[in-house]
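Input: a single structure, listed below in structure tokens.
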Amino acid sequence: GLGPSDASPDEGVVEDLPLIDEKAVEQLTEGLISHYLPDLQRSKSALQELTQNQVVLLETLEQEISKFKECNSILEINALFSEAKHYHNKLVNIRNEMMMLHEKTSKLKVSGRNI
């Protein structure tokens, strides 16, 4: 025969559910919202402030990065100037040596004619 374990698990569930009082549901919902809403609004404003601070921080960082780039450019320009000065000195030395050699060859030519 049919024992108690053979009964359907859903049997009797519908009858067990109490009638839902919509007014009570509405009041519970309002109570729940009024309990959590202030905290959520505070969290929202805190997050908005945090986001604004992050935007300001990002802009400041970008300005600092551009300053570093400018400094780097200045350093590169200074390096180029010192390199140019170095090569200019080399050219002056080469010109002086050429003038000295020219003088020596001129003297050799003059003394060679006198022989």
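Only residues that are at pLDDT 60 or above, among the aliphatic types (A, V, I, L, M) and in a loop (DSSP other than H, G, I, E, B) were counted across the range 1-49, and they come to 2.
This table checks each residue for (1) small (Gly, Ala, Ser); (2) within 29 Å of the chain's Cα centre (by Cα); (3) open to solvent by less than 100 Å² (accessible area, probe 1.4 Å).
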residue: 62; (1), (2), (3): no, yes, no
residue: 75; (1), (2), (3): no, yes, no
residue: 86; (1), (2), (3): no, no, yes
residue: 91; (1), (2), (3): no, no, no
residue: 96; (1), (2), (3): no, no, yes
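The values are calculated or read from the model by the stated rules, or taken from the named source; none is laboratory data. Quick caveat, the model's predicted, so the values are computed rather than measured. Areas reflect the complete protein model, heavy atoms only, side chains present, ligands, DNA and RNA absent. Shrake-Rupley method; radii C 1.70, N 1.55, O 1.52, S 1.80 Å.
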